[in-house]
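Novice: Okay, handing you the structure first.
The values are calculated or read from the model by the stated rules, or taken from the named source; none is laboratory data. If you're wondering where the values come from, they're calculated on a predicted model, not measured in any experiment. Because the Cβ atoms are built from the backbone with ideal geometry, glycine has one as well, and the counts that use them run over all protein chains shown. Areas reflect the complete protein model, heavy atoms only, side chains present, ligands, DNA and RNA absent. Shrake-Rupley method; radii C 1.70, N 1.55, O 1.52, S 1.80 Å.
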Amino acid sequence: MTDKDPRRALADRAVTLEQAEATLGSADAVSLELSSRRTGMSFQRTRMSADRTLMSIIRTALSLIGFGFTIFQFFGHMLQVPGVAMNPHAPRNFGTALVFLGMVMLTLGIVYHLRYMQGLRAERTQMKREGLIHGESHYPISLTLITAGLLWLLGLMAIAGMTFNIAPFG
């Protein structure tokens, strides 16, 4: 970091309306440029909003998957306690149902996210082609989407472990 005051750094970079008109040609050109930049930034805000929506779906799905696996483990051990009478398949069935519900929710969230982002990218490309936005900012793949995919695989392994009693969760 520099010792320079951030407010001073912003003031050094700020452009007056007269300087912008001298560079761009007219007040209309300045207005168009500012509008184009605001629209470009709105695409980034919308993308981040879609990521936050997927993160909330991940939190809920993770809770369902974790709770389902915990029920399977806890009540599975309770079957070995003398005097406890319950169906031996009940913990597995209920735990698997919760994990499956979490995976269904996660799958729907991933599909929704992919379709929404595809539409957003198509709209951004169209506006870039028409010259309405610059499109200079980077539009990376969503790390939230990668996390959701990894969680989906973890849920699949949990269901396999619970159903077939195989490693890594067996």
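Novice: For a test of the definition: using alpha carbon positions, the gyration tensor, and the 1.5 limit on a/c, classify segment 104-146 as rounded, prolate or oblate. Don't skip to the answer; put the middle values down first.
Specialist: On the way: a/c = 6.05, a/b = 2.18, b/c = 2.77.
Oblate, because a/c is 1.5 or more while a/b does not exceed b/c.
Novice: Per residue, what accessible area does segment 34-75 have, given a 1.4 Å probe and all protein chains present, in Å²? Spell out each step's value before the answer.
Specialist: Numbers: 2400 Å² over 42 residues.
Here the per-residue accessible area is 57 Å².
Novice: Further, regarding this structure: Where the accessible area of segment 56-119 is counted over protein heavy atoms with a 1.4 Å probe, how much of it, in %, is carbon and sulfur?
Specialist: Values: 2860 of 3980 Å².
Carbon and sulfur atoms account for 72 percent of the accessible area of segment 56-119.
Novice: Additional query: Starting from the 7 Å offset along Cα-to-Cβ, what nm value, one decimal, do you get for the label separation of R115 and E130?
Specialist: Once both label points are built, they end up 2.4 nm from each other.
Novice: Testing the spin-label approximation: label points 7 Å from Cα along Cα→Cβ at S42 and T70. State their distance in nm.
Specialist: If labels sit at S42 and T70, their model points lie 4.3 nm apart.
Novice: What are the ³J(HN,Hα) couplings of segment 100-112, residue after residue, when phi is run through the Karplus curve with 6.51, -1.76, 1.60 and θ = phi - 60°? Round to Hz, x for glycine and proline.
Specialist: With coefficients 6.51, -1.76 and 1.60, one gets 5, 4, x, 5, 4, 4, 5, 4, 5, x, 5, 4, 4 Hz.
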